[in-house]
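J.: Before we start, here is the structure in question, set down as structure tokens.
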Ligand SMILES: [Zn+2]
Ligand SMILES: [Zn+2]
């Protein structure tokens with residue numbers, strides 16, 4: 001039993017074989033996937049992400065404007081996303097939202113403004129948030145600390161790439177920490193340093209597919225079935241059995257979202 005807490009199987013890369021990809025995930029023990037919508041909120045991109053979740057029993061969706069696309073966020077975009085949230089019970093989170101100061105595809109001050117606005121919107125809707133943060137740890141944590149209190153539903157820091165200190169601060173304000181395939185990379189010693197401070201009951205695993213394919217498939221298109229390799233790697237790293245890590249991360253995801261596995 002496993003959950004891929006963050007994937008993008010609505011992407012064009014999966015248009016040819018999405019049914020097989022979902023089937024292979026099932027065969028690999030992946031009981032649930034969270035398909036994170038991205039793209040242009042003035043296009044059909046997010047509708048497609050939700051449609052994929054509607055099509056498959058074990059696929060859920062989230063919607064939110066990625067920091068790369070912060071410049072596209074406006075009232076119309078927000079209304080569109082809110083409508084999608086209200087249109088489907090399969091939409092269970094708002095994201096991925098956050099800050100990306102590595103690529104800087106949108107101006108930084110605008111990224112911060114749009115991030116804050118979306119955190120507040122998610123909170124109004126009672127939805128947890130999925131966070132993307134790259135080269136912006138301080139700004140991310142500062143904003144989250146200011147905005148995430150009281151009735152806040154918590155969140156997931158996806159593809160964790162920060163310091164151990166950041167992981168601790170996030171867990172303190174109700175976040176789960178999700179590791180992707182890059183934790184398996186030889187040079188990712190810093191990620192493994194951070195993984196050391198994350199207890200099993202705060203841990204999730206993800207593929208972020210089609211990107212970040214874990215060892216031993218690095219270089220190929222990633223897909224949810226491969227989340228097992230990240231889970232196996234982390235099990236060995238923590239010195240627990242694969243079954244235990246798989247079960248615990250699944251339980252973390254289910255209880256966070258108040259979901260149950262299909263009987
Ligand atoms: Zn991301
Ligand atoms: Zn992603």
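J.: At a Förster distance of 25 Å, what's the computed FRET efficiency of residue 243 paired with residue 197, Cβ-Cβ distance as r, to 0.05?
T.: 0.60
J.: Please report the relative contact order for region 39-147, taking Cα pairs under 8 Å with a sequence separation of at least 6, and give it as a percent rounded to a whole number.
T.: Relative contact order of region 39-147: 27 percent.
J.: Highest first, please rank the peptides 23-29, 93-99 by the mean number of other Cβ atoms sitting within 10 Å of their residues.
T.: 93-99, 23-29
J.: Using only the Cα atoms of region 1-87, construct the convex hull and provide its projected area averaged over every direction, in square nanometres to one decimal.
T.: Spelled out: convex hull of the Cα atoms, projected over all directions, averaged, 5.7 nm².
J.: Please give the residues of region 16-56, grouped as numeric ranges, whose backbone N is less than 19 Å from a label point set 7 Å along the Cα-to-Cβ vector of residue 89.
T.: 32-35, 50-56
J.: Below 8 Å, C-alpha to C-alpha, sequence gap of six or more: please give me the relative contact order for region 124-256 in percent.
T.: 19
J.: Here's a follow-up. Give the distance, in whole Å, between the Cα centre of region 115-168 and the Cα centre of region 2-40.
T.: Taking the Cα centre of region 2-40 as reference, the centre of region 115-168 is 24 Å away.
J.: Could you list 177, 130 in order of exposure, starting from the residue whose Cβ has the fewest other Cβ atoms within 10 Å?
T.: Neighbour counts put them in this order, fewest first: 177, 130.
J.: Tell me, what is the Rg over Rh of region 204-263, with Rh the Kirkwood radius over Cα pairs?
T.: Here the Rg-to-Rh quotient is 1.01.
J.: While we're looking at this one, here's another question. Over the chain, what is the relative contact order in percent, taking alpha-carbon pairs closer than 8 angstrom and at least six residues apart?
T.: Rounded, it is 19 percent for the chain.
J.: Simple spin-label model, 7 Å along Cα-to-Cβ: residue 189 to residue 24 in nm?
T.: Each label point lies 7 Å from its Cα, and together they span 3.4 nm.
J.: GNM, the chain, Cα, under 10 Å: largest mean-square fluctuation among 55, 168, 202?
T.: Of 55, 168, 202, the Gaussian network model singles out 55 as fluctuating most.
J.: Quick check for you: which residues of region 225-250 have the amide N under 14 Å from the point 7 Å beyond the Cα of residue 261 toward its beta carbon?
T.: Backbone N within reach: 243-250.
J.: Quantify how much of the Cα-Cα distance distribution of region 29-127 extends past 21 Å, in percent.
T.: 30
J.: Mind checking the alpha-carbon convex hull of the chain and giving the volume per residue in Å³?
T.: Taking the convex hull of the Cα positions in the chain, it is 117 Å³ per residue.
J.: Given the DSSP H assignment, sum -39500 (n - 2.57) over each helix run of at least 4 residues in the chain and divide by its residue total; what's the result at 222 nm in deg cm²/dmol, nearest 500?
T.: The per-residue figure over the chain is -12500 deg cm²/dmol.
J.: Where does each of 54, 147 land when they are ranked from fewest to most other beta-carbon atoms within 10 angstrom?
T.: 54, 147
Computed from the coordinates by the stated procedures, all read-outs in this text should not be read as laboratory data. Quick caveat, the model's predicted, so the values are computed rather than measured. Note that we place each Cβ from the backbone using ideal geometry, even for glycine, and neighbour counts take in every protein chain shown.
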